[in-house]
Structures are given as structure tokens and as C-alpha cells.
Amino acid sequence: MRTRILAVAIVGFGVALSHTAMTGHIQQLFADEKVSAGSIILPRPEQSFRGHIGRTAKDSTKDFPEPVRAPKGAPNVVVFMTDDVGFGASSAFGGPIPTPTCDRLAKAGLRYTQFHTTALCSPTRAALLAGRNHHSCATGVIMEAGTGFPGYNTLMPKSCGTFAEVLKQNGYNTSWYGKNHNVPDWQSSQAGPFDLWPTGLGFEYFYGFVGGDTSQWNPTLFEGTKPVEKPRGEKDYHLDRDLADRAIAWIRMQKAVAPDRPFFAYYTTGTAHAPHHAPKDWIARFRGKFDQGWDKVREETFARQKQLGIIPNNANLTPRPKEIAAWDSLNADQKKLFARMMEVYAAALAHADHQMGRVMDAIAEAGQLENTLVIFIQGDNGASAEGSPQGLLNELTFFNAVPEDFKEVLRRMDELGGPTTFNHYPVGWAHAMDTPFQWTKQIASHFGGTRNGLVISWPRRIKERGGIRTQFHHVIDIAPTILEAVGVQAPAEINGIAQKPIEGVSMLYTFDDDKAPSRRRTQYFEMLGNRAIYNDGWVAATTPTDPPWISTPSNIDIDRYQWELYNINEDFTQANDLAAKEPTKLRQMQDLFWVEAAHYNALPIDNSKVERLDVSNRPSLTQGRTSFTYYAGLVRIPEGAAPDIKNKSFRIAADVEITTGGAEGMLITHGGRFAGYGLYVLDGRPAFLYNLAGVVRYKVAAKAPLSPGKHTVLFDFKYDGGGLGKGGKGTLSVDGKSVAEGKIERTLPFRMSLDETLDCGEDTGTPVSEDYAGKMPFKFTGKLDKVVIQLGDSQLAAQEQKSVHDVQAALKTRE
């Protein structure tokens, strides 16, 4: 398959490399392809019985099969990875945010200053676990944007087995804590399938969340594949602390019960992805620390990076793009609010680092620190510029093109970081956290999107303390590094499936030699149409056509992108574009990109964004269905498996029985505090509430309570049509009689929630209405027979189609 695609790339893109150069590169590609994955087959064949079986037990000799054991002296392995943390954020890499855990690991080991990710979440995580490029893993984009091409369908092939699976089948215990975001959008419900969940990827234990982000105060948690709720009565619960508690307990259990067996713990906090949540006392620690603004912070970080030797002395600070406001141009209120947003972000990252420090302390207390290989990846991509120029009180406003009022955000400034916000900082801070580079998360063409700090510590093996390594490496190199450190080969076959060759290269050679030439000579990058190619110190990169905080890309033709050229051996920060001076070199690099892109399944290149989020692009459990029936206790159904009431008419009918003393509680809800809807009974009175991303709450409620006995409570919504996110009229009736009517002026066009779910008979997570916030989980106290949701109206069928034009027009309103 790859041979054919490669040939197409060579012919179809007019490759201009000389015959000798092209032949040499193709030979190298296929030489790499033929690198043996070893002769190991996992699981290993069953052992033959080596005892003796006689007529009775007395004249027989017992023999137990030898258990699988890890190689002698194999280290424990811990991989930490933070979320949306740029190269210039952590103090370990000169940033303004104190990260003492990362710092102490760096002082005990090595810092890598030319380590790279894919520029986006799910792709980086897939590439890390598999040791293969993200398109090879069918994860060229996030799980919610998969399309039907081999590099983009989000179904990680079984031929891309994870190093966790290899470790598990070589005598390790394995566990995963925190963020996943590697389950295909339509497979994230309790109906499964579960083979691409963590427990299907080599992890014996998983505790965390499956989606792209979640509230730290009210997370949507799973243990294995089972939905679980946070402890209701725990005061000041925070997910980062919970993750550390779980990891510590698991590690202690492993060493108490099987002290000679090594463990692998994969710890992927959702911090510092939005929402930026931190305890108040941690936020207070940063009061006033960022009043100087993002321009000055960037300059301060740049100076520290040189002082620490993180960047060379001849490095140049890339300029702030004109699309980002100068700090000095802001008014006093903007400065006050934006500084607070950065204080909250810093507190969230510092607090998460502290929790990871507790895990390291537990490893030390267990006497395991000396022979524990710790890999700390500071960010799965660059800092996120998805928070808009003014930052966000609620991230769901951005995803639904619902504008926030600056005055309202300012009024609620003290709530930032707490449970009533789903907040994000402005793009100016994201740019500062990516110092000294251009651009941010999503932009795979430039190091602001792909350069992340890496720390490796292994006291038994790494003798240099506090060293710096400058070899060029990529996240796909982590898996082979771990396998070589452990002393096992990448298998030729896992669970009956032949394995693709590992595409990464081990970094173990760098442990003892800071001057060793990089063994990664070539690496392509691609994300949402932004492209780059690295080869022996040169980088060719497309110029981004749109900043990542713009939701409506210009969708310029792929072949009309401008290209830039950098010699990063002399220009560490990509500050000096040589494209005009070196046209021949640029063309060679461009051609090399197409060869690599074809080889690793990155084709076809697609620069669309919003269109890919349309669920009709992917398989769906709800496709073609217009009627859904739910019963009390059916909870935690994610949006990908729930009825899609957006941009259409719908009816919700609940059959209930009210006891003599009255009843109240949730009948059905989807979403929560930050967006969603709910049909419920409060103080005996039925009500329907529609939460427009926390900006407006539309309520249609009866004045009279329900009498004892059986009733059908019905909410009927007639959509106005005329595009996406329009309004409509809602009618609430009881037993066929209208009891309340109301106009819902505007609806959610794109996302009902980011992490919350559909629940019947109660409300998990956060309340959709603050009216019953003190009564959570607000279980219905009467008898709920069933709830039926009916979608659509034949008269509006044509208006329910989500055209690309409608999507872009709606988002233009947001901007």
C-alpha cells in the first residue's frame, strides 16, 4: 500500500529531486521499512509440560509453566506528560512558572531542548504510545475530527501495538492516570467497543477521563471502562490530587505484593489544557506575578533561557505577530483581567507539578528511585491559542460561536479557576508560553506548536547530572527508548497481528554523549494543513494562512501555501527565513516532505477545521435514528452517542408517577453548568431549562405543581430554522395540556458539552441550572417510567442540514 502511494506522490507532485538524490532517499525509506521488528512473537508460545504424568498423582511429577518475567534489572518506568504547556512555560526550561518536580528531575538527569510533538493532543498521544508517526497510527487529528482516510480515521491499527502492551507481556504491571483522548468519538460510550480504550492498549488499570478535557472540580471519570463519580462529600476535591492519590496507592500496592516486578505508570494530567482550574490558595501565590504583561514576560523568559543554556547565545527572539495586541496597548481593565487569567494558568500548572512530585516522593520512599526511568514531557503540543484574544470565562462559548461580554467576564474575575468557570487565557499568553518561538498549538509548521521540553532521569543509568542534550528528536522516539532501556525487542507480532516497524529511534545513545550526532535525521510534521519537514539541520515550513484562534480558516488551496526555510543549526528559533536566498534547497525540502507524507499516510492534506467536526463524517450510533428511549439510571452517555437535538425541532416526553408527598428531581439532562438542557421537576413543578453556554439560560416552567398520580410531562420545541444555532418556541405540557410556553432566542449550533453527558433520572457532573445546585445529583424522587426523545420536523427537514456555508457564517458572527 505504501509503495503505491509513494509512487503516486513522486509522479503526482512533480518531484524535482535529482535522480540520485531521489533514489537515495527512497532506498533509505525502504531500508527503514525493512528494519526487523525482531523475531519475538507476543504472547509467547505456551510452554510444553516438562514434568511426568503417571497413572496416579503419586507416580507423577509436577511442573508449573515459568511465569513471564521482565529482564533482570529492568527499571520501573514512569512517563509524565502535561497538556497544552509551551516550551517557555516551565521553570525547567526558563519559563516563569515554578515546576520544582520537573526541575529536580532535570537536575538529576538530562534536559532535551530539541524534542518535538505533533502540535495537537490525540496525535501526540498515539505517536508516543506506538512509536510510530501519528498518521501511521490513523490519528492525524483529534478524535472528534476523524475522516475516512487511513491516516485520519482515528482507529489506531492493531499493527501499531503500544509499548505498554509490550511491557505488559514482558513481565510489567501497567497503569494509566489522567487524560486519554485516544478513543474514537463514536466508541466512547458504555456500548464500546473497548479495544481502543486504555485497557485494550496494554494498560491493566486506567483511572481518568476519555475526552479532550474535563473539569478538575467535577470530572467525567472512568475506572477501566466503568463510569465512576468523584466522592460527593469530599471537600475541595481536585482531579490532579485524586490522580496522584490513585497512582501512589497503585505503586505502593505493586511493590508491597510483588516487589521484584517492575511497573510502568503513565501519568497524563489534563492540566494545563482549558479549563484552567486551581485551588484558591495556589492562585493567590501568583498574585501580581504577571502584571508586567506578556511582552515583558516573553523577554524575561528569553533571557533566562540563555542564562540556563537552554537556547544558544546567538538565538533571536521571534517577534510578536501583529494579530496579537501589544500589552501596552491594553486598557487598565484588560490588563487586570488578563493578568489574573495568567495567574490562574500558572497556579494550575504549578499545582499539577506538585502532585507529580508527590508521586515521585512515594517512589523514593519505596526505595525505587535509583532504578526508575522517568520521562517527563512538558506538554503534548505548544501552548493553546484557542482562548481568543480576550480569553474565555467558558470555553464552550468559543466552540458554539456565542460571544462573551467582556464586562461580565471582568465582573466574575474572582471566579476564574473555580468550579463555576471553564476558563481559558488570551492568545497573548499562549504566545509568551511558547518563547522563543513563533506560533502555538495546532501550528505544526513551526516550533511554537511542536517544540516541547523533555526531561529524562534514571539515576542508575544516567551518570551526568543536570546535562543538556541538543539532538533533534520526536515523540515517536520515546517508545524505542523505553524498550531499549528495559532490554526487550519490539515484537514482530502482537496478539496474532503482524506489526509495522517502529518508526522512532532510541535516544539511549544520548545518555552518555552530549556531542553525538542526532540519529533522527528526517522528520515530517503536518496538522490541519500546516506542514514542515526537518532534514539534517534544515527545516522547510509552510506559512500559516490563519492564526489558530480564528475558527473560520481561509481554506486556501493546499498548493498555494507559501513556504519558509530555516537552517536551525545556526538559527535555533526559526527567526531567519532563507527561502528567497536558497530556492534550490527549499525545493528539495518541499519534495522531501511529499515523499515522507505519502510514506507515512499523511495524504490527503486537509486544511479544513469545523467541517471535520461534523459527526456525519464518521460512523455513529445515532445516525438515522429519530426516536430514543431512556430509563432512570441510564447515565453518562457521551454526546457522540446521545440524541443530537441541535439545529432542529425535538420533543421530550417523560412518563412519571408522583407520590402523595410530592416529588422532584431530574427527568433527563444533557450537559451541565457550561451548556446543555434539562427537563426536571423542582418543588413539584415541571420545568425545562436551556443553557446557552452559560451566557443566557432560557426557562419554561409550570406555575402549578404536579398532582399525585401518573403524568406525561412533555416539552415540545419548534425550531425556527434559517441556519445553525437559531431559536424556536418551547411548549411545556402535562397530560396533553399546555402549562407554559417560552421563546428560546438562540441555541447551541455545534457542541452540547465538552465533557458532560446525557443522564436520565439524575444529573451527574454539574447542574444545568443553579436552581437545584445544592441538591445534586438531583435524583428523581418519584417513579420515572421512561423518557422518549423524538427528533425532527418534516417541515424543517431541509433546514436541519449542516452545510459548510452555514457553519462558516455562524462562526463569522463569533469573530
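Can you confirm whether region 417-426 contains a residue that is farther than 27 Å from GLN292 by Cβ and over 20 Å from the mean Cα position of the chain (by Cα)?
yes
What is the residue count in region 597-617 for residues that are in a loop (DSSP other than H, G, I, E, B) and either under 30 Å from ASN535 (Cβ atoms) or touching a helix residue (DSSP H, G or I) at 6+ places or on another chain (Cβ under 6 Å) (or both)? Explain how you work it out, then say what you get.
First pass over region 597-617, keeping only residues in a loop (DSSP other than H, G, I, E, B): 600-609, 614.
Among the residues that remain, those that are also either under 30 Å from ASN535 (Cβ atoms) or touching a helix residue (DSSP H, G or I) at 6+ places or on another chain (Cβ under 6 Å) (or both) are: 600-609.
The total comes to 10.
For region 164-185, indicate whether the set of residues that are open to solvent by 10 Å² or more (accessible area, probe 1.4 Å), closer than 28 Å to ILE637 by Cα, in contact with a Pro (Cβ under 9 Å, 6 or more places away or on another chain) and in a helix (DSSP H, G or I) is non-empty.
yes
If we keep just the residues of region 472-520 that are basic (Lys, Arg) and surrounded by fewer than 17 Cβ atoms within 10 Å (Cβ to Cβ), which is farthest from the chain's Cα centre (by Cα)? Before the answer, list the steps.
As a first pass, look at region 472-520 and keep what is basic (Lys, Arg): 500, 515, 519-520.
Checking which are surrounded by fewer than 17 Cβ atoms within 10 Å (Cβ to Cβ) leaves us with 515, 519.
On the way: LYS515: 34, ARG519: 29 Å.
Of everything passing the filter in region 472-520, LYS515 is farthest from the chain's Cα centre (by Cα).
Being touching a residue at least 40 places away in the same chain (Cβ under 8 Å), on the phi > 0 side of the Ramachandran plot and not hydrophobic (A, V, I, L, M, F, W, C) is the filter here; which residues of region 675-715 pass it?
Those that are touching a residue at least 40 places away in the same chain (Cβ under 8 Å), on the phi > 0 side of the Ramachandran plot and not hydrophobic (A, V, I, L, M, F, W, C): GLY676, GLY694, GLY709.
Just the residues that are more than 13 Å from LEU337 (Cα to Cα), part of a helix (DSSP H, G or I) and not charged (D, E, K, R), please, taken from region 383-417.
Matches in region 383-417: LEU396, THR397, PHE398, PHE399.
Can you pull out every residue in region 256-267 that is surrounded by 21 or more Cβ atoms within 10 Å (Cβ to Cβ), not in a loop (DSSP other than H, G, I, E, B) and not hydroxyl-bearing (Ser, Thr, Tyr)? Step through it out loud before you land on a result.
Of all residues in region 256-267, those surrounded by 21 or more Cβ atoms within 10 Å (Cβ to Cβ) come to 262-267.
Cutting the leftovers down to not in a loop (DSSP other than H, G, I, E, B) gives us 263-267.
PHE263, PHE264, ALA265, listed by residue number.
Could you tell me how many of the residues in region 553-577 are farther than 15 Å from ILE533 by Cα and either out of contact with any Pro (no Cβ under 7 Å at 6 or more places or on another chain) or not hydrophobic (A, V, I, L, M, F, W, C) (or both)? Walk me through how you get there before you give the answer.
Filtering region 553-577 down to residues farther than 15 Å from ILE533 by Cα leaves 553-560, 570-573, 575-576.
Cutting the leftovers down to either out of contact with any Pro (no Cβ under 7 Å at 6 or more places or on another chain) or not hydrophobic (A, V, I, L, M, F, W, C) (or both) gives us 553-560, 570-571, 573, 575-576.
Number satisfying all stated conditions: 13.
Mind listing just one residue for me: the one in region 220-249 that is within 17 Å of the chain's Cα centre (by Cα) and open to solvent by 10 Å² or more (accessible area, probe 1.4 Å) and, of those, nearest to PRO275 (Cα to Cα)?
Let us first name the residues in region 220-249 that are within 17 Å of the chain's Cα centre (by Cα), namely 220-222, 239-240, 243.
Retained after the next criterion (residues that are open to solvent by 10 Å² or more (accessible area, probe 1.4 Å)): 220, 222.
Values: THR220: 13, PHE222: 19 Å.
Within region 220-249, the match that is nearest to PRO275 (Cα to Cα) is THR220.
Keeping to region 430-460, report how many residues are open to solvent by 10 Å² or more (accessible area, probe 1.4 Å) and within 19 Å of ASN313 (Cα to Cα).
Of the residues in region 430-460, 1 are open to solvent by 10 Å² or more (accessible area, probe 1.4 Å) and within 19 Å of ASN313 (Cα to Cα).
Report, by residue number, each residue of region 268-296 that is in a loop (DSSP other than H, G, I, E, B) and among the aliphatic types (A, V, I, L, M). Can you show your working first?
Restricting attention to region 268-296, the residues satisfying the condition of being in a loop (DSSP other than H, G, I, E, B) are 269-279, 285-292.
Those that are in a loop (DSSP other than H, G, I, E, B) and among the aliphatic types (A, V, I, L, M): ALA272, ALA274, ALA278.
Given the criterion within 20 Å of ARG132 (Cα to Cα) and in contact with a Lys or Arg (Cβ under 7 Å, 6 or more places away or on another chain), identify the matching residue among VAL505, VAL595. Talk me through it step by step, then tell me what you get.
Values: VAL595 fails: in contact with a Lys or Arg (Cβ under 7 Å, 6 or more places away or on another chain).
Within the list VAL505, VAL595, the selection yields VAL505.
Mind telling me which of the residues ASP559, ASP591, ASP546 ends up being over 30 Å from GLU46 (Cα atoms) and surrounded by fewer than 19 Cβ atoms within 10 Å (Cβ to Cβ)?
Values: ASP591 fails: surrounded by fewer than 19 Cβ atoms within 10 Å (Cβ to Cβ); ASP546 fails: surrounded by fewer than 19 Cβ atoms within 10 Å (Cβ to Cβ).
Just one listed residue meets the conditions, ASP559.
Conditions: (1) touching a residue at least 24 places away in the same chain (Cβ under 8 Å); (2) surrounded by 16 or more Cβ atoms within 10 Å (Cβ to Cβ). LEU578 meets all but one. Number of the miss?
So LEU578 meets the others, but not (1).
Tell me, which helices (runs of 4 or more DSSP H) wholly within region 1-114 include 1 or more residues that are among the acidic types (Asp, Glu), open to solvent by less than 50 Å² (accessible area, probe 1.4 Å) and at pLDDT 95 or above? I'd like the intermediate steps shown before the answer.
Numbers: elements: 2-12, 19-33, 100-108.
Counting at least 1 such residues, we get 100-108.
Conditions (1) modelled with pLDDT of 95 or more; (2) open to solvent by 10 Å² or more (accessible area, probe 1.4 Å); (3) closer than 21 Å to ASN400 by Cα, marked per residue:
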| position | (1), (2), (3) |
| --- | --- |
| GLY633 | yes, yes, no |
| ALA654 | yes, no, no |
| THR660 | no, yes, no |
| GLU664 | yes, yes, no |
| TYR677 | yes, no, yes |
| GLY684 | yes, yes, no |
| VAL695 | yes, yes, yes |
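Only residues that are loosely packed, with under 15 Cβ neighbours inside 10 Å and outside any loop (DSSP other than H, G, I, E, B): list them for region 710-749, please. Working first, answer last.
Within region 710-749, the subset loosely packed, with under 15 Cβ neighbours inside 10 Å is 710, 712, 722, 735-738, 741, 743, 745.
Across region 710-749, the qualifying residues are LYS710, THR712, LYS737, SER738, GLU741, LYS743.
Looking at region 521-537, which of its residues are of a type outside the set (Asp, Glu) and surrounded by fewer than 20 Cβ atoms within 10 Å (Cβ to Cβ)?
So in region 521-537, the residues of a type outside the set (Asp, Glu) come out as 521-525, 527-535, 537.
Scanning region 521-537 gives ARG521, THR522, ASN535, GLY537.
Only residues in region 656-668 that are over 23 Å from LEU689 (Cβ atoms) and free of Cβ contacts under 8 Å to residues at least 60 places away in the same chain count as the first member; pair them with residues that are open to solvent by 10 Å² or more (accessible area, probe 1.4 Å) and polar (S, T, N, Q), Cβ under 7 angstrom, at least 6 apart or cross-chain, and list the lot.
Here the result reads none, with nothing in region 656-668 linked to a residue that is open to solvent by 10 Å² or more (accessible area, probe 1.4 Å) and polar (S, T, N, Q).
Tell me which residues, restricted to region 686-724, are within 23 Å of LYS775 (Cα to Cα), out of contact with any Leu (no Cβ under 7 Å at 6 or more places or on another chain) and of a type in the set (Lys, Arg).
LYS703
Select from region 268-306 the residues that are open to solvent by less than 20 Å² (accessible area, probe 1.4 Å) and among the acidic types (Asp, Glu) and list them in ascending order.
none
With ALA347, ALA366, ALA352, ALA326 as the choices, which residue is within 26 Å of GLU395 (Cα to Cα) and surrounded by fewer than 18 Cβ atoms within 10 Å (Cβ to Cβ)?
Values: ALA347 fails: surrounded by fewer than 18 Cβ atoms within 10 Å (Cβ to Cβ); ALA366 fails: within 26 Å of GLU395 (Cα to Cα); ALA352 fails: surrounded by fewer than 18 Cβ atoms within 10 Å (Cβ to Cβ).
Criteria check complete, one pass: ALA326.
Mind counting the residues in region 152-163 that are within 11 Å of GLY131 (Cβ to Cβ) and either open to solvent by less than 10 Å² (accessible area, probe 1.4 Å) or among the hydroxyl-bearing types (Ser, Thr, Tyr) (or both)? If you could, list the steps in order and put the result at the bottom.
So in region 152-163, the residues within 11 Å of GLY131 (Cβ to Cβ) come out as 160-163.
This time we only want the ones that are either open to solvent by less than 10 Å² (accessible area, probe 1.4 Å) or among the hydroxyl-bearing types (Ser, Thr, Tyr) (or both), so: 160, 162-163.
The number of residues fulfilling the criteria is 3.
What are the residue pairs meeting all of these: first residue in region 255-280, first residue free of Cβ contacts under 8 Å to residues at least 60 places away in the same chain and within 15 Å of PHE376 (Cα to Cα), second residue buried (at least 24 other Cβ atoms within 10 Å of the Cβ) and of a type in the set (S, T, N, Q), Cβ atoms under 7 Å, and 6 or more apart or on different chains?
none
The values are calculated or read from the model by the stated rules, or taken from the named source; none is laboratory data. It should be emphasised that the depicted structure is a prediction, and the values quoted were computed from it without experimental measurement. We place every Cβ from the backbone using ideal geometry, glycine too, and count neighbours over all the protein chains shown. The protein model used for the area step is the full one, side chains on, heavy atoms only, and it has no ligands, DNA or RNA in it. Shrake-Rupley method; radii C 1.70, N 1.55, O 1.52, S 1.80 Å.
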